[in-house]
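The values are calculated or read from the model by the stated rules, or taken from the named source; none is laboratory data. The structure presented is a predicted model; accordingly, all values stated were derived computationally and were not measured. Note that we place each Cβ from the backbone using ideal geometry, even for glycine, and neighbour counts take in every protein chain shown. Calculation scope for accessible area: heavy atoms of the full protein, side chains included, ligands and nucleic acids excluded. Shrake-Rupley method; radii C 1.70, N 1.55, O 1.52, S 1.80 Å.
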Amino acid sequence: MDGIAGCSADFSSTLAKVWNQCKRCDALDRMLQHHFDSNKNPYESVLVLIRQSPDYSLSRPNGLSFTIIKQFASWISYRRANYKHCLTEEVKREAFQVASRQRNKTISKNIIDVYLLKDYKQLFVKSLNDNLQLHMYKEVCEWSMMLDLESEFGISDFIVPLIFQDKLTVVDEFLKKNRTHHLELIKFLDNILSQRSISNFIDHLIIDLKIENIKHASLPKLSQTKPLCKLLKRFASIHNIPPDSMPNLTLRNGIGTVNFLIRKRYYDRSLSKEAFRELVKDACGSRREVMIHLVNRLDEEGDPTEALICARLFSVPSSDMPPSVRALDENGWREDNLAISDELVEERLDHSDEYHKFPLQLSSIFIIDTEAAFSSLIDSSIDGATTIGIDLEWKPTMVAPTGELALLQLAKEDKVFLIDVLSLANSHHLWGQFANAFLNNHDILKIGFAMGADSTMLAQCFPIDFAFRMSGLGFLDLSSLWNKLVKDYNFEFPYEANETCSSCSLSQLVALCIGKPLNKREQFSNWETRPLRLTQRVYAALDAYCLIEVYQVIKRLCAERNIPLDDIIQDMMTRTEQGKAKKSKKDKKSKEAMKHRSVPTEAKKMKLVCEPSLAMLATILRRHGVDTILAELHDIADIAVSENRIALSSSWPFKTISEQLPKDKCYLVRSCASSDQYREVLRQLYIIVKPEDILSRCQDCNSDHVTMINKKTVEDWFLQKGKSKAENCVPAGFSDNELTDSEEDDYFTLVTSDCTPNAIENGTKFYPTTMTGVPIRLDLVAEEQIKLASLISLCEKCGRVFWQAETK
């Protein structure tokens, strides 16, 4: 190659001069074409030209070196067979050196493609390991991804060092592509939490791994418990890691939640007995250590009877009980004595006379939990009301993502409607009617308090998009009105502030207007339990109704003091509407994509491409017949354009992707849970899924070469093959921790096995094959589950089988 370098020096100089004069032009293209044609080994000469380019070390995105490799890629694509002999191992090694010594990823990827480096990727493992010895963690990480060499490296090679160097973006990109590595990392980080001295463990780890260039700001993320837990939760959230993979974090979360609930129950006095028991049951789960911790903490708070009740609830053995609790148990204390215990506890907690009470009869509270009742409520325009108090309730979570919306309360002067969102979640058509009749109706004044959190919850959990409808015209936020009246009009309320309430809370505003605060002890309860307890129903009703009461007091006082309340409210609504208009411009690409989809598209005609963090969403979309592929971040834009697909992205990669695509080719997925993401995508892109679309596409390989098979056929396979036990029957399109009980009953997937077409020849069990000769994956399937199936599909391309259970 030295000889070639000498011959090319003059040409490189001439080429650089032409480039400086006209950059990319016809003359430059002709020079390169002639140079390629005249060389016996153009593969070698191109590498020399790239190295001799003046911008080679500068790694410019559209420089001369980039132009050379792009032109050569086009030229060699029609002549590859003629020059196959020139692509020797030596040339491949040199190509790797040329690509790896500059930082333009586009040039590197072009060299990888042109020189077929992936086909001979094992040649470069030693070079990458040598670079690791030089502490080039980021570079090795990126090259392992480009060459598909991730399996050659463990997390200690560069992932852990990159975390110490605070290069989490690089780590995220690597982990999104390699599930085995992020499971390994999660377990590694979770194991750190089990160490007696985390800081000492980290110090030894740095020495053992010989990590250099550590950012001191990143050390607390690994050496201190809280930042480490936060880092673990971050990785788990981004990569959809189930809690079972993080036993130490889950244990700490459970203990932390128990401590939090005990503080609210016994110190803040803001949690009822029933709510406390519901939530500690959730917090403990099946973790024995958390159960024992709960019993001990209750005993420490001087409530051994409650400790014994919980001990019996969780079957805590007597040997693990504190002495006072064990004595109660041995003396035969029965739950018949519970009233005595409750009196002692409630003496400390119950001060109901000090709180504002629900002023209406209980018969004025109506539960809306059927489609008929919901439809009737909508048809009546919310019972003809012009002013409505609106509030929402959902199950509180201390360590997990926010739960689903459970209850929506609407209050008018003489009635309160509690809409059971959980029961009506699938009534999409009614929610659309509800939005038009109520939320979009500017003639109905909707009164709320601090409505930002409610807007977020609605956006995440509702089957239609309400995020931009919970403010502006038709909506009045009492917290904002309160602030404006006090600030601009020196407004005085009829009662003094309550010292027990937070200064800016709804309870404080109720105390200022009515004289007594709200009792918030049911706020922090499990709103997903059905049926709701009476105290929950009354609390929920009052939370919405008090908004009407407060508004009436403010309205009366403003009239008495000649304060133009109507003008103030109209000005607040108008300003909010204008603010939303400005905000929408910042997100115009995503919004415009929605507007361009005014015509519905059938699922089978829609084509999407997802970035790696949306892998679970892609599976669900395929299940419903949508052509959906996964691609790396750097390939998404090219695929979207070349295959006429819409790119779906989560928050952090969206800016990068959207800058490369037209506004109607990119959509930002805002929801967190994959099931919510699916509903959001259908809604915003106006995709229509028909019954015949279900299971019409393979959820694994995205092939539409799918055959519907009957139950008898599968049962015959089992008769020939013999029964096998299911080790992981997770419903298709879901992860273990996402399933509700009903979803777990409704959907199943057949998991892949390692059976091969020649299994029969080897004398092993019978394995049927598809029409294309691919083994059908049966090894991990329980025969009894097939009996529940109403619809079964077989992918002829990969042999995967999916089914849907019969609905009762």
Multiply the residue separation of Asp320 and Arg530 by 0.36 nm, subtract the distance between their alpha-carbon atoms, and state the gained length in nm to one decimal.
-> 72.3 nm
Does anything in segment 229-251 have its amide N under 15 Å from the 7 Å Cα→Cβ label point of Phe201, and if so which residues?
-> 229-233, 246-251
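Can you sort Thr305, Thr225 by 1.4 Å-probe accessible area, starting with the largest?
Ranked list, largest accessible area first: Thr225, Thr305.
Select from segment 161-244 those trypsin sites (Lys or Arg not before Pro) which occupy a DSSP coil region and have at most 10 other Cβ atoms within 10 Å, ordered by residue number.
On the way: sites: Lys167, Lys176, Lys177, Arg179, Lys187, Arg196, Lys210, Lys215, Lys221, Lys230, Lys233, Arg234; in loops: Lys167, Arg196, Lys210, Lys215.
Of the trypsin sites (Lys or Arg not before Pro), the ones in loops of segment 161-244 whose Cβ has at most 10 other Cβ atoms within 10 Å are Arg196, Lys210.
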Tyr120 accessible area, nearest 10 Å², 1.4 Å probe?
-> 110 Å²
If r is the Cβ-Cβ distance from Lys84 to Ser156 and R0 is 41 Å, what FRET efficiency results, to the nearest 0.05?
-> 0.55
Spin-label zone in segment 148-177 - amide nitrogen under 16 Å from a point set 7 Å from the Cα of Asp638 along the C-beta vector | 148
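Grab the Cα-Cα distance for His135 and Ser13, subtract it from 0.36 nm times how many residues apart they are, and report the gain in nm with one decimal.
Working: separation 122, 0.36 × 122 = 43.92 nm, distance 3.54 nm.
Gain on extension, His135 to Ser13, equals 40.4 nm.
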Measuring from label point to label point, each 7 Å out along Cα→Cβ, what is the Ser38 to Leu313 span in nm?
-> 8.7 nm
Accessible surface, segment 114-266, averaged per residue in Å² (probe 1.4 Å) | 46 Å²
Between Lys23 and Lys215, what FRET efficiency follows from the Cβ-Cβ distance if R0 is 45 Å, with the result rounded to 0.05?
-> 0.70
What part of the accessible area of segment 40-175, given as a whole %, is carbon or sulfur when the probe is 1.4 angstrom?
-> 46 percent
Please find the FRET efficiency linking Glu301 to Asn436, where r is the Cβ-Cβ separation and R0 is fixed at 35 Å, and quote it to the nearest 0.05.
-> 0.10
Estimated distance in nm for a label pair at Thr225 and Arg101, the labels positioned 7 Å out from Cα along Cα-to-Cβ = 5.2 nm
